[in-house]
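What follows is a single structure, written as structure tokens, with notes after it.
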Amino acid sequence: MEPAAFREHLVNQHSGTELEVIGSEREAKIRSDYPWLPEDYLIFLKEVGWGCIGDSRYMIYEGPMEPSEIFDAETALGLEGVVIVGDDFAEYCEAYVRRGSGCIFGSVSKEDGTFSAHPEPRLIDFLVSWYGR
């Protein structure tokens, strides 16, 4: 699903959805701080946006968050190279982990702080699988 069509779907089909797209300054800051993040993630923030899907069903962050902003210090140490991009308000945070000059998309368990790769390779694919129907 194309980002613009997905945004329209979320707003029309999931009551309480509030999304805001990022501007060029925020995009430049993310690119500067995290040059290894994939282009499709930035396109998502520019065309779908950040904010809440439905009434507290899912939160997409305005930009990547460091594990230390979410987890205790010990757990955050085990998540080196990980940035968190959204969460389900319950058990999992979606994240990218840096691998060489690229990254892998997946989830971090709030229970034990472990990262596991998603079968969907992109944030939009993951969210479409949950909210696109």
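The values are calculated or read from the model by the stated rules, or taken from the named source; none is laboratory data. Since we're looking at a predicted model, the values are computed, not measured. Positions of Cβ are backbone-derived with ideal geometry, glycine not excepted, and every protein chain shown enters the neighbour counts.
Per-residue answers, yes or no, for (1) touching a residue at least 40 places away in the same chain (Cβ under 8 Å); (2) crowded, with 17+ Cβ neighbours inside 10 Å; (3) not polar (S, T, N, Q):
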position: Thr75; (1), (2), (3): no, yes, no
position: Gly78; (1), (2), (3): no, no, yes
position: Val85; (1), (2), (3): yes, yes, yes
position: Glu91; (1), (2), (3): no, no, yes
position: Ala95; (1), (2), (3): no, yes, yes
position: Ser101; (1), (2), (3): yes, no, no
position: Glu120; (1), (2), (3): no, no, yes
position: Asp125; (1), (2), (3): no, no, yes
position: Trp130; (1), (2), (3): yes, no, yes
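Just the residues that are among the charged types (D, E, K, R) and either part of a strand (DSSP E or B) or out of contact with any helix residue (DSSP H, G or I) (no Cβ under 9 Å at 6 or more places or on another chain) (or both), please, taken from region 7-28.
Residues of region 7-28 that are among the charged types (D, E, K, R), as a first pass: 7-8, 18, 20, 25-27.
Matches in region 7-28: Glu8, Glu18, Glu20, Glu25.
Kindly indicate whether any position in region 69-84 is of a type in the set (D, E, K, R) and within 18 Å of Phe126 (Cβ to Cβ). Quick ask: steps written out before the conclusion?
At the first step, the residues of region 69-84 found to be of a type in the set (D, E, K, R) are 69, 72, 74, 80.
Filter once more, so that each one left must be within 18 Å of Phe126 (Cβ to Cβ): none.
Within region 69-84, none of the residues are of a type in the set (D, E, K, R) and within 18 Å of Phe126 (Cβ to Cβ).
If only one of Arg7, Arg57, Arg26, Arg31 is within 16 Å of the chain's Cα centre (by Cα) and at pLDDT below 95, which one is it? Let's see the steps before the verdict.
Values: Arg7 fails: at pLDDT below 95; Arg26 fails: at pLDDT below 95; Arg31 fails: at pLDDT below 95.
Within the list Arg7, Arg57, Arg26, Arg31, the selection yields Arg57.
Among the residues of region 29-40, count how many are in a helix (DSSP H, G or I) and either more than 15 Å from Ile84 (Cβ to Cβ) or in contact with a Leu (Cβ under 6 Å, 6 or more places away or on another chain) (or both).
At the first step, the residues of region 29-40 found to be in a helix (DSSP H, G or I) are 29-33, 39-40.
Next, from what is left, pick out any that are either more than 15 Å from Ile84 (Cβ to Cβ) or in contact with a Leu (Cβ under 6 Å, 6 or more places away or on another chain) (or both): 29, 31-32, 39-40.
The total comes to 5.
For region 61-78: of the residues being hydrophobic (A, V, I, L, M, F, W, C) and assigned to a loop (DSSP other than H, G, I, E, B), which is nearest to Leu45 (Cα to Cα)? Walk me through it before giving the result.
Taking region 61-78 as the starting set, the residues that turn out to be hydrophobic (A, V, I, L, M, F, W, C) are 65, 70-71, 73, 76-77.
Now restrict to residues that are assigned to a loop (DSSP other than H, G, I, E, B): 70-71.
Working: Ile70: 20, Phe71: 24 Å.
The selected residue is Ile70.
Only one of these is touching a His at 6+ places or on another chain (Cβ under 6 Å), of a type in the set (Val, Ile, Thr) and closer than 17 Å to Pro3 by Cβ: Ile60, Ile53, Ile43, Ile124. Name it. Step through it out loud before you land on a result.
Numbers: Ile60 fails: touching a His at 6+ places or on another chain (Cβ under 6 Å); Ile43 fails: touching a His at 6+ places or on another chain (Cβ under 6 Å); Ile124 fails: touching a His at 6+ places or on another chain (Cβ under 6 Å).
The match here is Ile53.
Pick out the one residue from Leu45, Leu77 that is hydrophobic (A, V, I, L, M, F, W, C) and under 10 Å from the mean Cα position of the chain (by Cα). Step through it out loud before you land on a result.
Values: Leu77 fails: under 10 Å from the mean Cα position of the chain (by Cα).
Result of the check over Leu45, Leu77: Leu45.
Select from region 79-133 the residues that are assigned to a strand (DSSP E or B) and basic (Lys, Arg) and write down the one among them that is modelled with the lowest pLDDT. Show your work before the answer.
Going through region 79-133, the residues assigned to a strand (DSSP E or B) turn out to be 82-87, 92-99, 102-109, 115-117.
Imposing the further condition that a residue be basic (Lys, Arg) reduces the set to 98-99.
Values: Arg98: 95, Arg99: 91.
Within region 79-133, the match that is modelled with the lowest pLDDT is Arg99.
Going through region 71-108 one residue at a time, which ones are touching a strand residue (DSSP E or B) at 6+ places or on another chain (Cβ under 6 Å) and hydrophobic (A, V, I, L, M, F, W, C)? Give the derivation first.
As a first pass, look at region 71-108 and keep what is touching a strand residue (DSSP E or B) at 6+ places or on another chain (Cβ under 6 Å): 81-88, 92-97, 103-108.
Within region 71-108, Val82, Val83, Ile84, Val85, Cys93, Ala95, Val97, Cys103, Ile104, Phe105, Val108 meet the criteria.
Cβ contacts < 6 Å: first residue of a type in the set (Val, Ile, Thr), restricted to region 52-64; second residue buried (at least 19 other Cβ atoms within 10 Å of the Cβ), any location; separation 6+ or different chain. Result?
Sorted first by the residue in region 52-64, then by its partner, the pairs are Ile53/Leu10; Ile53/Thr17; Ile60/Trp50; Ile60/Gly86.
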